[in-house]
Each structure stands twice: as structure tokens, then as C-alpha cells.
Amino acid sequence: MLTIDNLTNTIDGKAILKGLSLTISAGEIHAIMGPNGAGKSTLAYTLGGRPGYEVTGGTATFDGANLLDMDPHERAAAGLFLGFQYPVEIPGVSNLQFLRESLNAQKRARGEKELNGGEFIRLAKEKASLLGLDMDMLKRPVNVGFSGGEKKRAEMVQMGILDPKLAILDETDSGLDIDALKIVGAGINAIMRKPDRAVLLITHYQRLLDYVKPDFVHVLAAGRIVKSGGPDLALELEREGYADVVGAEVVAA
Amino acid sequence: MTALPTRKDEAWRYSDLEAVASVWPIAPATRLAVAEGETAHHHLLQDAPDGAVAVHDYVITIADGARCDFHILNIGGKFGRVTLDVRLGKGSHFELGGAILGNGDQVLEIVTTLTHAQPYATSGQTIRSILSGRATGSYLGKIAVARDAQRTDAFQSVKAMLLDRTATANAKPELEIYADDVKCAHGATVGELDKAALFYMASRGMDPATAKTLLLRSFVAGVFDSVADEAVRERLESAAIAKLEALV
């Protein structure tokens, strides 16, 4: 579904990703872990097409198309979802309005029929209840006045409504208490654990992986994947730390 | 006034004086009077055709205990000017909601002079401007509080959004206060569209035009919320949305 080959990029002229390669197939859940400053969020933003994240080399192919050629909204319409570590607040625009415009823009881009008001509300209700988010929250402006946990839950409701093929979730577990973590984990499984879907989880900690079991775990350090393995690798990292597992010189590079 | 205004004339400081000359002398102002204890609603949709020059002057008298709500959507012509000269009686209220949406070379302005002549009168003015291209949008708001007009409570909230570096927004509050127990608040900001919000919206699938229009709609939302007549509100809102779509 997603093939990244030798990807390099710069932000303000500074090299962050230094030859990152990764292949994700349909039906798989991958976790990327790594120390601070390794380039985890940069990878997410670069795949999402955030302005200022300049690709200087390598390729990223999504469902056979050149992902790096597409504008951010085209990537979304192609089935990519980017979960934000810090979801953006948009005063004056309700969640419902935001999501309906987003979903219908995607549908227009794909040549599908747009949802009318009633159809959309039914869909939103269903997905909100899946994540235990009150419908009244969805009537409020996007992320304004939401707690950290509510923002992450709202992100998952967005994911449920937009129904992407591939979700790249950047530290979706940060700012969540244990109960919220369970709900969000169950949400990710319900929405994305399907044979034709895939997930790239970016996280600091093993604890989210207790709820969303990854098929593959990768260590990202100094802009590259330096080690890959199965779910056990995450436990080993949690136990022994990055420096011991991949070498202090790799972490510091 | 019979002589053409000049740049030195404060109320015409940002105007397109050439355009003004083409329609000089201007027709006399429309006079509105709100009788004691009454409530009046007025609105103006200034949507003159491209290239036209439109000047609308109002002189409004609000009697004791009366209320006047005025809504303006200023979007048409190459020069569109709306002026309100309002005199407030004892314990009366004046409320203005105005939006200026300009593109191309348009020069659009709202100029108000509020005279709080008697005690206990209140006034509120909310102005939102969105400007693209080489357009200029101006709000000049003068509030004069007479010596006897104690307990006056007046506010001006002025926000402008510039979509291009070549667009101009002017906001000029002018307070002239002779009483000593009054509240006069004014705030003015000029900004651009939030880039983080635009990327967030794009990442959810919104094309740039859809995302910008949604943000701009939320920016002017609220200006016309207090329009009492639903048909009028819908007319103003749909004209505003149509203009916004031309702006992005």
C-alpha cells in the first residue's frame, strides 16, 4: 500500500530524514518508535505534505501513485489520514461543518456522490458513539476548549468518518490517561484493523501497543529505520532503552 | 458640503477621491428617526455593479429609550462608501454590524460618527473586513461623548483579514470624551488566514478554496446574527458567501 524508498528531506535547510525506507502492506499495522528528535513527526508531516517539509530525494508510492506529487488534500482523497500530535483549533467552525466539508470534498475528488445533511449526521453519530464522544462536542468549534484526551478522541472520530485506507497516527497516545487510551486503542482497531486497511503508529511508548497490536515494529533514529522486528521489539525497547537495543552511537548520530 | 473633499479631510482620508469627484455633488443623506421607546431595524446591501461609485449617507436620530440596529454589507462598485451619523438620546442603544468584502481595486469604507449626547446610552459596533488583490477596506469610527453623557458605554470591535500582501485595511477609532464616567472600548486587529488551520483542513481532504471559504465564513459569521428579519439575514449572508467565493 505504501512504499517509501530512501526518503530524504530538509526543514529550513536542515536535513532530518536521511534515507528512510519502509514498506507497509494492506492489513498490516506498523509501529515506529524512536528517541526524541529522530524524525518521527517529520516523517508523518512529510507524508502528509505539510508546507515547508521539503523532500530532497527518494520516493513514496501510495497505492501505485506518487504520493509526493500530490497536494495534501489530494493525498487525503486518495485515502491517507494523518493523525496530529497537536490537533489544530479552528474557532468559528464546528466539528460537524468541518467534517462534512472534508468528507464531501474527498467524495467530489473521487467522483463519488456527496452525503446530504441527514446522511452525514447519521454517520457522525455512529462514529462518535464508537469513540464515546458526545454529539454535543461535535457541534462545538473544532478542538476549541477540548482537553488533550478529547482532541485525540475527536481525531479518531474524524478518522472513522473519513474512513481512510492508511492512517498515520503521530503520537495519538500522548496526553491520554489509561481509560482514554483504551477507548482510542479500541477505536483504532475497530476502524482500521481490516484486510484492506493499514496503520502506521508513531509513538514513544509501548503502552498504546498493548491495545493496538502491531505486526511490525521499527526503530527510527537519526532519520533512518535502524532496526525492524515483530511486537517483541517494542517490549525489548521498553525494557532496555533505545541506546542498548540499537547502540548509543546510532541514537546519538 | 459643496466643495470636493480632499485627503486632508479626516473622514475622506482613505477614499478614492477621483471616484468621488465623478458623482459630486452627492445626494443628501437619508434621514432616519427612531421615536422614544421604539426599536428600528435597518440594513444596507451595497452591491453596486463593477466600476460603479456608490455613496450612501445616513443621519440617524435615536430618541430616549429607543434602539436602532443597523447592518451593512459593503461589497460592490469600485468605490463604495457608507456613512452613519448617529445621535443617541438618553438610555438609547445603537448597534452596528458591518462587513466589508473587497477584491480587485475596490475601495470600500464604512465611516461612523456616534454622538452620545445624553446619559446612559450604549452602542456597539462590530466590523469585519476581508480584502484581496489591491483592494482597500477602511473603517473610521468616531465616538463623541458630551459632557452630560455620563454612564455612556460604547465599544468598537474591528477585525480585518488580508488575503494578499497587496491589499490594505485601515481601522481608525477616534474617541472624543467630555464626560468622566464612561466606558469606551475599542479593539482592532489585522491578520492573515491561519496556515496551521489550512494544512489541518487540507489533511482532511478540503481543497484550498473550500478550506479558505470556510475559514472566511467563520470570520464574518456573527456580524449578521442579530438581523431580526430572517429573509433579510439570508439575503445578506448569501450575498456575503457569493462574494467570499469570488475572493478566494
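What follows is calculated from the coordinates using simple rules that are stated; it is not laboratory data. Values in this document were obtained by computation on a predicted structure and should not be read as measured data. All Cβ positions, glycine included, derive from the backbone under ideal geometry; neighbour counts span all protein chains shown.
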Kirkwood hydrodynamic radius of region B:10-192, Cα pairs, Å: 16.5
statement: Exposure-ranked with fewest Cβ neighbours within 10 Å first, A:E249, B:E109, B:E38, A:E236 stand as A:E249, B:E38, A:E236, B:E109
message: With unit charges on the beta carbons (Lys and Arg positive, Asp and Glu negative) and the dipole taken about the Cα centre of the protein assembly as shown, which residue among A:L7, B:L163, A:L115 sits farthest to the positive side?
response: A:L7
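Provide the FRET efficiency to the nearest 0.05 for the A:E112-B:A40 pair, computing r from the beta carbons and using R0 = 56 Å. Let's see the in-between values first.
Numbers: r = 49 Å, r/R0 = 0.88.
The formula returns an efficiency of 0.70 here.
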task: Could I have the simple spin-label model distance between A:R193 and A:I11, label points 7 Å from Cα toward Cβ, reported in nm to one decimal?
output: 3.2
- request: Write down the percent of antiparallel bridges among all DSSP beta bridges whose residues are both part of the protein assembly as shown, to the nearest 5.
  value: 20
task: Indicate the gyration tensor shape class of region A:37-127 (rounded, prolate or oblate), computed on the Cα atoms with a ≥ b ≥ c the square roots of the eigenvalues: a/c under 1.5 is rounded; otherwise a/b larger than b/c is prolate and the rest oblate.
output: oblate
task: Mind giving me the FRET efficiency for B:A179 and B:F155? R0 is 22 Å, r the Cβ-Cβ distance, nearest 0.05 is fine.
output: 0.85
Binned Cα-Cα distances of chain A, short to long, each 5 Å bin given as a whole percent: 1, 6, 13, 18, 19, 17, 13, 7, 3, 1, 0, 0
task: Just name one of B:G187, B:I75, B:P28: the one whose Cα is farthest towards the positive end of the charge dipole of region B:10-192 (beta-carbon charges, Lys/Arg +1, Asp/Glu -1).
output: B:G187
field: GNM top mover of B:L73, B:L17, B:L216 - chain B, alpha-carbon springs below 10 Å
entry: B:L17
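Placing +1 at every Lys and Arg Cβ and -1 at every Asp and Glu Cβ, with all other atoms neutral, what dipole size does region A:147-253 have around its Cα centre, in debye to the nearest 20? Present the calculation step by step, with values, prior to reporting the outcome.
Values: 13 positive and 17 negative charges, 80 e Å.
Dipole magnitude for region A:147-253 comes out near 380 debye.
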message: Quick check on my link table: of A:K107/A:K152; A:K182/B:K195; A:K151/B:K183; A:K18/A:K107, which ones sit more than 28 Å apart, alpha carbon to alpha carbon?
response: A:K182/B:K195; A:K151/B:K183; A:K18/A:K107
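For chain B, what is the relative contact order in percent, using Cα pairs closer than 8 Å and at least 6 residues apart in sequence?
Numbers: 637 pairs, mean separation 34.1, N = 248.
Computed value for chain B: 14 percent relative contact order.
How big, in percent, is the set of alpha carbon pairs in the protein assembly as shown lying more than 37 Å apart? Could you put the intermediate results ahead of the total?
On the way: 54075 of 125250 pairs.
The share of Cα pairs beyond 37 Å in the protein assembly as shown comes to 43 percent.
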statement: Ranked by GNM mean-square fluctuation in chain B (Cα springs under 10 Å), the top entry among B:V82, B:V223, B:V232 is B:V232
- line: Most exposed first, judged by fewest Cβ atoms within 10 angstrom, A:D170, B:D64 run B:D64, A:D170
statement: Length gained if B:K195 through B:T6 is fully extended, taking 0.36 nm per residue and subtracting the Cα-Cα distance, is 64.1 nm
field: Charge dipole (the protein assembly as shown, unit charges on Cβ, about Cα centre) - positive-most of A:Y45, A:L181, B:V107
entry: A:Y45
- prompt: Roughly how many debye, to the nearest 20, is the charge dipole of the protein assembly as shown about its Cα centre, given +1 on each Lys and Arg Cβ, -1 on each Asp and Glu Cβ, and no other charges?
  reply: 280
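What ranking of B:R165, A:R153, A:R108 emerges when the number of other C-beta atoms within 10 Å of each C-beta is taken as an exposure proxy, fewest first? Each step should come with its number before you reach the end.
Values: B:R165 7, A:R153 23, A:R108 15.
If I rank by nearby Cβ atoms, fewest first, I get B:R165, A:R108, A:R153.
Show that you can apply the helix-only estimate: for chain B, add -39,500 (n - 2.57) for every DSSP H stretch of four or more residues, divide by all residues, and state [θ] at 222 nm to the nearest 500.
Values: 4 runs with 47 residues, N = 248.
For chain B, the value works out to -6000 deg cm²/dmol.
With +1 on each Lys and Arg Cβ and -1 on each Asp and Glu Cβ, how big is the dipole of chain B about its Cα centre, in debye rounded to the nearest 20?
520
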